[in-house]
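**Student:** Supplied in structure tokens, the structure appears directly below.
The values are calculated or read from the model by the stated rules, or taken from the named source; none is laboratory data. The structure presented is a predicted model; accordingly, all values stated were derived computationally and were not measured. Virtual Cβ from ideal backbone geometry, glycine too; neighbours counted across all protein chains shown. For accessibility, only protein heavy atoms count, side chains too; no ligands or nucleic acids. Shrake-Rupley method; radii C 1.70, N 1.55, O 1.52, S 1.80 Å.
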There are 2 protein chains.
Amino acid sequence: MAIYNAPLRDMSFLLNDVLQIDKYANLPGFADATPDLISAILEEGAKIAQEVLQPLNQVGDKEGCHLIDGEVKTPTGFKGAYDTFVQGGWSGLTAEPEYGGQGLPNVVGVVVNEMVASANMAFGMYPGLTGTAYSAILIHGSDAQKQTYLSKMISGQWSGTMNLTEPHCGTDLGLMRTKAEPQDDGSYKISGTKIFVSAGEHDLTENIIHLVLARIPGGPDGVKGISLFIVPKFLINDDGSLAPRNGVSCGSLEEKMGIHGNSTCVLNYDQATGYLLGAEHKGMRAMFTMMNKARLGVGLQGLSQSEVSYQNAAAYANERLQGRSISGTKFPDKPADPIIVHPDIRRMLMDQRAFNEGARALLYWTALHGDIALKSPDESEKIKSDDYMDLLTPLIKAYFTDKGFAHAVNAQQVLGGHGYIRESGMEQFVRDARITMIYEGANGIQALDLVGRKLASDSGRAILAFLEELGDFVKQHEGDRELAVFVGAVTLGKGYLEDAMGWLMEHGLKNPDDAGAASTDFLHLFGLVSLAYMWALMAKAAQDKAGGDDPFYSNKLKTARYFVERVFPDAASHLAKLKAGADSMMALDAEAF
Amino acid sequence: MAIYNAPLRDMSFLLNDVLQIDKYANLPGFADATPDLISAILEEGAKIAQEVLQPLNQVGDKEGCHLIDGEVKTPTGFKGAYDTFVQGGWSGLTAEPEYGGQGLPNVVGVVVNEMVASANMAFGMYPGLTGTAYSAILIHGSDAQKQTYLSKMISGQWSGTMNLTEPHCGTDLGLMRTKAEPQDDGSYKISGTKIFVSAGEHDLTENIIHLVLARIPGGPDGVKGISLFIVPKFLINDDGSLAPRNGVSCGSLEEKMGIHGNSTCVLNYDQATGYLLGAEHKGMRAMFTMMNKARLGVGLQGLSQSEVSYQNAAAYANERLQGRSISGTKFPDKPADPIIVHPDIRRMLMDQRAFNEGARALLYWTALHGDIALKSPDESEKIKSDDYMDLLTPLIKAYFTDKGFAHAVNAQQVLGGHGYIRESGMEQFVRDARITMIYEGANGIQALDLVGRKLASDSGRAILAFLEELGDFVKQHEGDRELAVFVGAVTLGKGYLEDAMGWLMEHGLKNPDDAGAASTDFLHLFGLVSLAYMWALMAKAAQDKAGGDDPFYSNKLKTARYFVERVFPDAASHLAKLKAGADSMMALDAEAF
């Protein structure tokens, strides 16, 4: 049986000591988020994650979802857990007070979301997808649509989904075939088949609000002719009560590698009534509102599986007695030393820890920029934070999930053969984490988005601001001997990034394949440099207190050093690879494969 | 539905052009292995792999094995396939002619084994484990034991197993509790519980020959008091016929992440009759005979899953139409370009290809050294080849499986969401490949074996011979402009290895934790340098023919260049990491995790 304990100490350290969110009391929602309130929220969030959601994680994996007479039954306990979850107000933590939400900062919401995803990722997807659908309606919906849907989605009475993929079209949405025929009453009739719809049908809520991409006949070809529609599972009467079922049904559930607790549906739309969300043919814009939120959520999932698998590996490494330390027996009274004495076991645990704590910092740091972008009265601050959000979304999605998966594999490795057995729960973390590299845009697409779009947009304003921030940090701390190793890594990383960008500018425009060939290595390089900066910020925050009795701060500095010495060196090899260009990558004819 | 086509062309290229096995006609078994015979064997092997075993791979995964009234039922079709397999003589291909084997070189056997493992890894483990048990009896058994067991194991009438692990003891066999009490007739009564016994009970053969590690009461503590026993499932009468069942039974089957087609058993020994194999208390020696053979077999499995998953990813990448090439539309008549036009898809495929072909070369090269070690009349050649086998066994086991798994994950990624669905078969490759990093000694143990034992043994004779061989190659080809890039990588790699070994000698003896902390990075560094050497050998063999009409040779050179430019750069970061030492890795107290 796997365990999970929310890393509350690390979470508070980030919010209070590193991000110092009390400085943002001028922003709406932040003033209410006093340290006491936040602390109470995190403790309650930890309770529900640990006591309600985590015990259902393996149950959900084992049982999966079942399609019976068109209805999907979620695993035992999921419905009860969902009711507890929404009754506790967790589904509306950061939502608009106008529609019944609690209006708390996103940076607080993201902490709770991490706990939920670590405890039970498949469960967390149900409210998670409601949140993304909520955002799209909030931003692109008419007043009437907001009135109709938002409060019931915030309360968790209704849930939401995203319908993008079709059997022949995933990444390339321009190939989409689902049709939306305009009706006299202003509504549309939606027909087509959508696949890979997470939480597409289930028994947790009384209604499901599907957001569906479709093509209005006569519109432009390709992605420019795609619109987004609200298609409720049950139609809604004017008084808000539920009318008969709409023409959407679950054709089948996908049998998949993991996230068995979440229902991945084939949804058939047969003349279903839909309502245009936003403007005609502007569906991609609205879709990206959802998508960007979802991508950050997926990055968070990558971290969440790395964190929970790490905790289980660390516990096992402290308990399992096997062999003796090569530098001399550590526990002579035991039949063998616990395996945590072995350097290679430490290597795996420290790799995970250095990633988890660094990635958590970057995630919360980015979420805070999300709050600033949304709420700051200072226009230039707003723009910078918004730029950061755009720049970091593909990074967090892809880097966190590539690494989150790799570290779940590492954690499983710590348990040896026992990690391969289902009962341990370790292999479930690996299987669940695996989807995060794929969905909401496969990681290769994220890399291309980063290199092909985000780096260049507004003449590179976002990445230049980030590099300037790194430069400012270096200038400010270059005399600090205790921080020298961390400042050194930031300096080196900044140089690598500049080198890589110079190479991209020189080659990527002439030969776009050079940019494509460089994209994943650039993304990983950028990930390492961003984490180096986070580790420097954390080291600085820990530095003053590291001399005290509390080992938390000195451990933070030790882990920071491990990151620089043992994780960061990969940055140089990513740089070398990306500068090799596309030639050898593209040299073979397609038939040769 | 997944596909598999044995890479016969690449296999012949390695045997004939790179290894030039016709030069070894002086060794027993090699003279018979004419190019025509080998070609016929490989074609027949491909047939059985592709037509008999591969179609059962997904069936085996889906159905798994079932324990019914103490008997294990293998998946539908496995028994028929096994009969076809042994009737074709495939179980005795490289076995001693004295006991009915065909006496072919190991280097030929390994090619067939690769096909079998690619087609159906879980199936391949049944004859594979028989082969390892066969080796132990061949080398350590008495004449009577050889007479009793070998011919029936070679014919496949009986199968074999290895019984090492107990619930509380895996890596640390010194903790073993299974007891072997001497009887008056010279036999022993074996009692205890063994877990993770692959192919421990099944319906494929009429008898199963368990090789069991156990402790004779009164012997030395720890691993020095362990002996190896032959414990047949059915006792054997003097005339070779089967007597009643022995006191060994399958307590349960493990539910595991993958290799569902193979029965992973808990075996309970209750006063089972066993026969000492080799000397009392010398079980570890005999165990290592099996283990080393098994470790090479596991390395081969890593390659096999990378190869088969690559083939499926490449086929999908050529078929799936999605998006347009960023360097300009390639197929204007199609609704979209096949995804193989996208550099990041190429990156994943080329990474796999560069590994597969390089690893295959190293595996066959090592297998040929195994033949030379066994059969050469030249004592110094024999010693060198034997040294190489010792040195390369942990490398092949761990490097091939770390990478084999990573590449199966890459291949799955090429299919996007479809790779996460069970039907595609891609996620099975990932789940099956995952065990290879764990069993027969987790990869961390291999790294420790390499750095702590194999590098140092006989004053470093093996690694020094290897470095000398690299140096000779460089000297011989340093003027060759067409090979310059490959000779350059070998030169660089040799320097890295020497640098790493210098660091290890300086630090590892003073602080063994420094050696432990360096072990996995050293192993990966060594893997990259070994593959760089293989790629140089292949480039040299392809060079002369690359100008002709056959693209095979020019593709080989292109892939070689990709390896140097896009895979090899990781070597430098492994070197940097290993030289960081153990300090930051070991700095945290165990309780801090």
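**Student:** Rounded to whole Hz and in sequence order, give me ³J(HN,Hα) for the stretch A:20-28 from the Karplus expression 6.51 cos²θ - 1.76 cosθ + 1.60, θ = phi - 60°, writing x for Gly and Pro.
**Tutor:** Along the stretch A:20-28, the couplings run 6, 5, 5, 6, 9, 4, 6, 8, x Hz.
**Student:** When the Karplus curve 6.51 cos²θ - 1.76 cosθ + 1.60 is applied with θ = phi - 60°, which whole-Hz ³J(HN,Hα) does each residue of the stretch B:296-303 get, with x for Gly and Pro?
**Tutor:** For the stretch B:296-303, the Karplus curve yields 5, x, 6, x, 4, 4, x, 4 Hz.
**Student:** Specify the inter-centroid distance of the stretch A:89-158 and the stretch A:273-317, based on alpha-carbon positions, in whole Å.
**Tutor:** Taking the Cα centre of each part, the stretch A:89-158 and the stretch A:273-317 sit 13 Å apart.
**Student:** Same structure again: Return the value, in Å² to the nearest 100, of accessible area buried between chains A and B (probe 1.4 Å, both sides summed).
**Tutor:** So the total buried area for this chain pair works out to about 7700 Å².
**Student:** Would you mind computing, in nm to one decimal, how far apart the modelled labels at B:GLU506 and A:ASP378 are, each placed 7 Å from Cα along Cα→Cβ?
**Tutor:** According to this spin-label approximation, the distance is 4.8 nm.
**Student:** I've got another one for you. Which loop-located trypsin sites (Lys or Arg not before Pro) does the stretch A:521-575 contain, where loop means any DSSP state but H, G, I, E or B and the Cβ has at most 16 other Cβ atoms within 10 Å?
**Tutor:** A:LYS545
**Student:** For the stretch A:447-585, what does the accessible surface come to per residue with a 1.4 Å probe? Please give it in Å².
**Tutor:** Each residue of the stretch A:447-585 exposes 39 Å² on average to a 1.4 Å probe.
**Student:** Related question: Roughly what angle does helix A:484-507 make with the longest principal axis of chain A, taking Cα atoms, 0 to 90 degrees, to the nearest 10?
**Tutor:** The helix A:484-507 is inclined about 50 degrees to chain A.
**Student:** Shifting gears a bit: Hey, what angle do you get for helix A:551-562 against the long axis of chain A, alpha-carbon based, 0 to 90 degrees rounded to 10?
**Tutor:** 90 degrees
**Student:** Nearest 0.05, what FRET efficiency do A:LYS73 and A:LEU464 give at R0 = 45 Å with Cβ-Cβ as r? Can you show the working numbers first?
**Tutor:** Working: r = 52 Å, r/R0 = 1.16.
Taking R0 as 45 Å, the efficiency between A:LYS73 and A:LEU464 is 0.30.
**Student:** In addition: Sequence-distant or interchain residues sharing an amide H contact under 5 Å with B:THR273, placed H: which?
**Tutor:** So B:THR273 has HN proximity to B:ILE190, B:GLY247.
**Student:** Can you give the net charge of the other residues whose Cβ lies under 9 Å from the Cβ of B:ILE209, counting K and R as +1 and D and E as -1?
**Tutor:** Working: positive: B:LYS152, B:LYS233; negative: none.
Taking every other residue near B:ILE209 into account, the sum is +2.
**Student:** Using a Förster radius of 35 Å, what is the FRET efficiency between B:LEU242 and B:LYS179 based on their Cβ-Cβ separation? Nearest 0.05, please. It would help to have the intermediate numbers written out before the result.
**Tutor:** Numbers: r = 26 Å, r/R0 = 0.74.
Calculated value: 0.85.
**Student:** Using protein chains only (no ligands, no nucleic acids) and a 1.4 Å probe, work out which residues of the stretch B:411-427 have their accessible area cut by at least 10 Å² relative to the chain alone.
**Tutor:** Listed in order, they are B:GLN412, B:GLN413, B:GLY416, B:GLY417, B:HIS418, B:TYR420, B:ILE421, B:ARG422, B:GLU427.
**Student:** Next question, about the same structure. At a 1.4 Å probe, what is the % contribution of carbon and sulfur to the accessible area of the stretch A:438-571? Intermediate results must be reported in sequence, preceding the final value.
**Tutor:** Numbers: 2730 of 5160 Å².
After summing per-atom areas, the C and S share lands at 53 percent.
**Student:** Please list, in order along the stretch A:310-317, the HN-Hα scalar couplings obtained from phi with the Karplus expression 6.51 cos²θ - 1.76 cosθ + 1.60 (θ = phi - 60°), rounded to whole Hz, x for Gly and Pro.
**Tutor:** Coupling constants for the stretch A:310-317: 4, 4, 5, 5, 5, 4, 5, 5 Hz.
**Student:** I need the calculated FRET efficiency for the pair B:GLU482 and B:PHE552, taking r as the beta carbon distance and R₀ as 25 Å, to the nearest 0.05.
**Tutor:** Approximately 0.90, to the nearest 0.05.
**Student:** What residue in chain A has the Cβ closest to the axis turning A into B, and how close is it in whole Å?
**Tutor:** Spelled out, residue of A and its Cβ distance from the axis onto B: A:SER573, 2.
**Student:** What distance in nm lies between label points placed 7 Å from Cα along the C-beta direction at B:PHE331 and B:HIS168?
**Tutor:** Between B:PHE331 and B:HIS168, the simple spin-label model gives 6.1 nm.
**Student:** Hey, another quick one. Give me the percent of DSSP beta bridges within the protein assembly as shown that run antiparallel, rounded to the nearest 5.
**Tutor:** Restricted to the protein assembly as shown, the bridges split so that about 85 percent are antiparallel.
**Student:** Here is a further query. On a 0 to 90 degree scale, rounded to 10, what angle separates helix B:426-436 from the longest Cα axis of chain B?
**Tutor:** Value to nearest ten degrees: 60.
**Student:** Can I ask one more? Which shape class applies to the stretch A:8-152: rounded if a/c is under 1.5, otherwise prolate when a/b exceeds b/c and oblate if not, where a ≥ b ≥ c are the square roots of the Cα gyration tensor eigenvalues?
**Tutor:** It is oblate, given that a/c is not under 1.5 and a/b is not larger than b/c.
**Student:** Sticking with this one: Per residue, how much accessible area does the stretch A:1-42 show when a 1.4 Å probe rolls over the protein heavy atoms, in square angstrom?
**Tutor:** Using a 1.4 Å probe on heavy atoms only, each residue of the stretch A:1-42 averages 49 Å².
**Student:** Can you list the residues of the stretch A:560-584 that have at least 20 square angstrom less accessible area with all protein chains present than in their chain by itself, probe 1.4 Å?
**Tutor:** A:TYR562, A:GLU565, A:ARG566, A:PRO569, A:ASP570, A:SER573, A:LYS577, A:ALA580, A:SER584
**Student:** Ok, one more. Whenever you get a sec, compute what percent of the accessible area on the stretch B:1-158 sits on carbon and sulfur atoms (1.4 Å probe). Intermediate results must be reported in sequence, preceding the final value.
**Tutor:** Working: 3210 of 6290 Å².
Answer for the stretch B:1-158 is 51 percent, counting heavy atoms of protein chains only.
**Student:** So how far apart, in nm, are the two label points at A:GLU498 and A:LYS545 if each is 7 Å from Cα heading toward Cβ?
**Tutor:** Label at A:GLU498, label at A:LYS545, 3.5 nm between them.
**Student:** To the nearest 20 Debye, how big is the dipole of chain B about its Cα centre, given +1 on the beta carbon of each Lys and Arg and -1 on that of each Asp and Glu?
**Tutor:** In total the dipole reaches around 860 debye.
**Student:** Also, I was wondering about something else. List the residues of the stretch B:496-522 whose accessible area drops by at least 20 Å² when all protein chains are present, compared with their chain alone, using a 1.4 Å probe and counting only protein heavy atoms.
**Tutor:** B:PRO512, B:ASP513, B:GLY516, B:THR520
**Student:** Using DSSP to define loop residues, name the trypsin sites (Lys or Arg not before Pro) in the stretch A:170-239 whose beta-carbon has at most 15 other beta-carbon atoms within 10 Å.
**Tutor:** Sites meeting the loop and neighbour criteria: A:ARG177.
**Student:** Here's another thing I want to ask about it. Looking at the square roots a ≥ b ≥ c of the eigenvalues of the Cα gyration tensor of the stretch B:407-518, which shape do they give, rounded for a/c under 1.5, prolate if a/b is larger than b/c, or oblate?
**Tutor:** Judged from the Cα gyration tensor, the stretch B:407-518 comes out oblate (a/c at least 1.5, b/c at or above a/b).
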